[in-house]
Amino acid sequence: MSFNTFGRIFRFTTWGESHGPALGAVVDGCPPGISLSQDDIQPWLDKRRPGQSRFTTQRREPDAVRILSGTFEGRTTGTPISLMIENVDQRSKDYSEVAQAYRPGHADYAYDAKYGFRDYRGGGRSSARETAARVAAGAVARLVVPQVRIRAWVESIGGDAIDPHAFDDAEIDRNAFFCPDAVAARRWEAMVDAARKAGSSLGAVVACEASGVPAGWGAPLYAKLDSELAAACMSINAVKGFEIGDGFAAAALSGEQNADAMRPGSDGKPSFLANHAGGIAGGIATGQPIRLRVAFKPTSSILTPVETITRGGEAAEIATRGRHDPCVGIRGVPVVEAMVALVLADQALLHRGQCG
């Protein structure tokens, strides 16, 4: 079986391949009456769009979205919303070697083992190109939860991290790395340039915070808010790790260190003295900011020759030509935001369905 749909009430299905004529998403379960136009979606796609700097793939895609269904007179109707983004700058000839041999670290062999054949042009469905459809669907999800602010940024590249004391929210939109630390962004310029010129790539960690999430969203056990967020983010191409709150660092703390102590608040709600849990306890939002981190592996398509095998099982070397991100985590920022928005929209509707 193949699974291309995510969500329980607010659901989306992505379709299309990296080098096909188009890709897109169908969003189902969106409440009716929400104001929606292409202008509500396009700015988020523009954040993810390739070719905006020398630090990303030079594939030139306008990523212009079209709404094909699900709206009337500028508002959602409650029926499926179909979104389409045309591919206009494919170069399938760049993948002639990939047709014969597998890229180590990529999904080439795994897809071949599962299906018996594969779309080698850019990786087909395994390409990060698929994430454009997620960002489009995530833009719709944001309109379902307008009270929530979702903000992501790159926290480290190649193991070199930002200085948390130098965090500047406005700086995230001022550089090509979605980096809140201007000094770190300048270091990363040299690092990513060096990797690109060497025909290699770097990994990255993306952090995200969702503020304004009401206490109570989520559910115990099998629809935990943190497990849904983990599933959403781990489904992103090239993601290999996920943390909520302190994540693995919590294992090194004592019980009293890890406790998010509470005091009476002025509005009758608790005032938390810490947020080690990342805004979620027992799978349910506490009302604190939800904080998570996502690890992106280095891009597998690199010019540096790597040992591999052919489809026939013979030893070979492969150097992947074409246009690829030297650090795919950079453009992962709007994708992480989109997946968080999609989960929160779904959880908001689930909460309303049970608790009113």
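Reported count of residues in the stretch 318-356, each being under 30 Å from GLU189 (Cβ atoms) and either of a type in the set (Gly, Ala, Ser) or within 22 Å of the chain's Cα centre (by Cα) (or both), is 21. Using the structure shown, decide if ARG54 is under 30 Å from ALA190 (Cβ atoms), open to solvent by 30 Å² or more (accessible area, probe 1.4 Å) and at pLDDT below 95. Spelling it out, ARG54 is indeed under 30 Å from ALA190 (Cβ atoms), open to solvent by 30 Å² or more (accessible area, probe 1.4 Å) and at pLDDT below 95.
Here the strands (runs of 3 or more DSSP E) wholly within the stretch 194-311 that include at least 1 residues being under 25 Å from VAL148 (Cβ atoms), in contact with a Gly (Cβ under 6 Å, 6 or more places away or on another chain) and open to solvent by 60 Å² or more (accessible area, probe 1.4 Å) are 290-296. Determine whether GLU171 is out of contact with any strand residue (DSSP E or B) (no Cβ under 7 Å at 6 or more places or on another chain), within 30 Å of PHE12 (Cα to Cα) and either touching a residue at least 12 places away in the same chain (Cβ under 8 Å) or not in a loop (DSSP other than H, G, I, E, B) (or both). No, not satisfied.
Scanning the stretch 2-22 for residues that are open to solvent by less than 20 Å² (accessible area, probe 1.4 Å) and at pLDDT 95 or above turns up PHE10, PHE12, THR14. The residues in the stretch 11-31 that are under 19 Å from the mean Cα position of the chain (by Cα), assigned to a loop (DSSP other than H, G, I, E, B) and under 17 Å from ILE67 (Cβ atoms) can be counted, and the count is 0. Among the residues of the stretch 16-34, the one identified as charged (D, E, K, R) and farther than 11 Å from VAL140 by Cα is GLU17. The single condition among (1) open to solvent by 40 Å² or more (accessible area, probe 1.4 Å); (2) modelled with pLDDT of 95 or more; (3) not in a helix (DSSP H, G or I) that MET191 does not satisfy is (3). Of everything listed in (1) in a helix (DSSP H, G or I); (2) more than 16 Å from the chain's Cα centre (by Cα); (3) not polar (S, T, N, Q), the single unmet condition for ARG142 is (2).
The values are calculated or read from the model by the stated rules, or taken from the named source; none is laboratory data. Being a predicted model, the structure only gives us computed values, none of them experimental. Cβ: placed from backbone, ideal geometry, glycine included. Neighbour counts: every protein chain shown. Side chains are part of the model used for accessible areas, which takes the heavy atoms of the whole protein and leaves out ligands, DNA and RNA. Shrake-Rupley method; radii C 1.70, N 1.55, O 1.52, S 1.80 Å.
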